[in-house]
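The values are calculated or read from the model by the stated rules, or taken from the named source; none is laboratory data. All figures in this text were calculated on a predicted structure; none of them were measured in a lab. Don't worry about glycine lacking a Cβ; one is built from the backbone with ideal geometry, like all the others, and counts go over all protein chains shown.
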Amino acid sequence: MVTRTFKVVTWVGFLMISATLPTMTGSGLAAAQRVGGTPNTYQQARSVVVNGIPLETDVIVAIERAYRVPVRNGRYWYDRVSGVWGFEGGPGLGQMQPGLMLGGAMRSDASRGNTGVFVNGRQLHMLDVLALRRCTVVIPGRYWVNALGIGGYEGGPPMFNLAQMCAPARSSGGTQSECFSNGCQSTNSNTGIGAITDGQGHGMVFLPGGGSVSTPN
């Protein structure tokens, strides 16, 4: 199995924190898929759907080996352009290697968003937009964004770099809060902890060092 180290930016919605993860090249993924001997009981227990298409058990095993984390059963969306992924009906929860041929084509309603902000064809969830508002003004429209956070309007040249725009802000300290008609956000520059909520019982807490917790869990 061939692996390499891929410098990625872990996205929380589209708020990015640098991380280095072990990922797998196409040949490495294919090699892992050729590894046999998966028990039938394990096969029956796996149900991972990506962009509407169930993944083969060998592919799931290859992903788990590449990222060294278990893949939970469930229904996911995956953005091949940016590598961002999340659960169906929800915001972006992380980032993996872009360009993997996993599942089908990502649907525009993968996150069931109604924000009018489209990135690589997906209409963003409100928590995605609230996360972006921590970095910049968010204008409804259709955009492309690659795995490095560089993006622009669909069909147009690069216009912004989210990795730079969403870098942790330096401030004099304390907690800053802001509310909108569809949610609130707050950040404490002393602890590095931030939070966003859509006002409907759903939210996300950003932890120092790049972790995050969705609520309800």
Could you figure out which of (1) touching a Phe, Trp or Tyr at 6+ places or on another chain (Cβ under 8 Å); (2) without any contact (Cβ under 8 Å) to a residue 12 or more places away in the chain isn't true of residue 70?
(1)
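Among the residues of region 110-124 satisfying the criterion of being among the aliphatic types (A, V, I, L, M) and either touching a helix residue (DSSP H, G or I) at 6+ places or on another chain (Cβ under 9 Å) or part of a strand (DSSP E or B) (or both), which is surrounded by the fewest Cβ atoms within 10 Å (Cβ to Cβ)? Spell out the reasoning first.
Kept after step one, since they are among the aliphatic types (A, V, I, L, M), are these residues of region 110-124: 110, 117, 119, 124.
Checking which are either touching a helix residue (DSSP H, G or I) at 6+ places or on another chain (Cβ under 9 Å) or part of a strand (DSSP E or B) (or both) leaves us with 117, 119, 124.
Working: 117: 21, 119: 25, 124: 25.
The selected residue is 117.
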Filter result for the condition that a residue is among the β-branched types (Val, Ile, Thr), on the phi < 0 side of the Ramachandran plot and in contact (Cβ under 8 Å) with a residue 40 or more places away in the chain, over 48, 59
59
For region 59-103, the count of residues that are more than 24 Å from residue 45 (Cα to Cα) and surrounded by fewer than 17 Cβ atoms within 10 Å (Cβ to Cβ) equals 1
Is it true that residue 183 is surrounded by 18 or more Cβ atoms within 10 Å (Cβ to Cβ), at pLDDT 55 or above and touching a helix residue (DSSP H, G or I) at 6+ places or on another chain (Cβ under 7 Å)?
no
What single numbered condition from (1) part of a loop (DSSP other than H, G, I, E, B); (2) in the same structural domain as residue 79 (by TED's automatic domain parsing); (3) at pLDDT below 95 fails to hold for residue 105?
(3)
Would you mind stating whether residue 75 is assigned to a strand (DSSP E or B) and without any contact (Cβ under 8 Å) to a residue 40 or more places away in the chain?
yes
